[in-house]
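Beneath this line is the structure, given in structure tokens, with notes to follow.
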Amino acid sequence: TIVAITSKVISLCQERVVQKDTVNSKFELIKKEADAHLREGDSLHGAHLTIKHNVIIPSAGIDESNGAGTYILYPLDIQQTAQEIWQHLRQKHSLNHLGVIITDSHTTPLRKGVTGITLGWCGFEPLYSYVGKPDIFDHPLRVTQINVIDALATSAVFVMGEGAEQTPIVLVENAPKVQFLSRPPTQEEENMVRIPLEEDIYAPILKSVDWVWNKIS
């Protein structure tokens, strides 16, 4: 079983909420929350492109939907929070095969609509590797891996919805290619899904803009 929890619920539990009338400029809040941002004039459709926790995302993940006059910020210590939830549920219900993901909606360049992404996870391998496995013509694959955590997040976010569904938690059962762990991920495993900007296949695009870096995530 994989328990998928929307990041907005985590943010609300952590009181990561800012009243709109207490903020002079949303862009100033974005700059404060982002690890890197583009300059104010480089926005489109009211969204400012940012990098946060090694993810390219509009407006540092600050969300106004279903907020009733508030800005809802990204949770703090997302990975640690996922591990704490995993440990609590695993012990309380005596579960051996349990995974937890904290999800968010995510956009894809040149595609309309949102899918999903995992911000923090625990309890299973984040990637499924085909390296060394044969294709249908018995040729060994060299680099192909499936991003399991984001694939699961996409399915969960689809069920959660984006409007008034009020479905912040989804249970994913019998998902293929999930390799459960009986411990939290190591730092090396956490880094497995991250690619440094300079090494990304989209680096020619990402490096062509003038990022303003605020802090290290």
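The values are calculated or read from the model by the stated rules, or taken from the named source; none is laboratory data. This is a predicted model, so every value here is computed, not measured. Every residue, glycine as well, gets a Cβ built from its backbone with ideal geometry; the counts of neighbours run over all protein chains shown. When the accessible area is computed, the model is the full protein with side chains, heavy atoms only, and any ligands, DNA or RNA have been set aside. Shrake-Rupley method; radii C 1.70, N 1.55, O 1.52, S 1.80 Å.
Before moving on, here are some points about what is shown:
- Estimated [θ] at 222 nm from DSSP helical runs (n ≥ 4, -39500 (n - 2.57)) normalised by residues in the chain, nearest 500: -7000 deg cm²/dmol
- Using equal-weight Cα scatterers in the Debye expression, the normalised intensity of the range 137-202 in log10 at q = 0.12, 0.13, 0.24 Å⁻¹ is -0.52, -0.61, -1.17.
- Carbon + sulfur, % of accessible area of the range 145-189 - ligands and nucleic acids excluded, 1.4 Å: 54 percent
- In the full protein context, the chain carries 61 Å² of accessible surface per residue, based on a 1.4 Å probe and ignoring ligands, DNA and RNA.
- By the rule of a C-alpha distance below 13 Å, with chain neighbours fewer than 8 residues away ignored, the aspartates and glutamates paired with Lys26 are Glu40, Asp63, Glu64.
- When both the range 1-80 and the range 163-197 are represented by their alpha-carbon centers, they are found 21 Å apart.
- Checking the Cα-Cα distances for Lys52/Lys133; Lys8/Lys52; Lys31/Lys207; Lys112/Lys133; Lys8/Lys31 against a 23 Å cut-off, the pairs over it are Lys52/Lys133; Lys112/Lys133.
- Peptides 114-125, 25-36, ordered by how many other C-beta atoms sit within 10 Å of their residues on average, highest first, read 114-125, 25-36.
- 0 to 90° range, to nearest 10: angle between helix 78-93 axis and the chain longest Cα axis: 50 degrees
- Fraction of beta bridges assigned by DSSP in the range 1-117 that are antiparallel (%, nearest 5): 75 percent
- Hull-based mean projected area of the range 1-149, where the convex hull spans the alpha carbons, in square nanometres: 12.1 nm²
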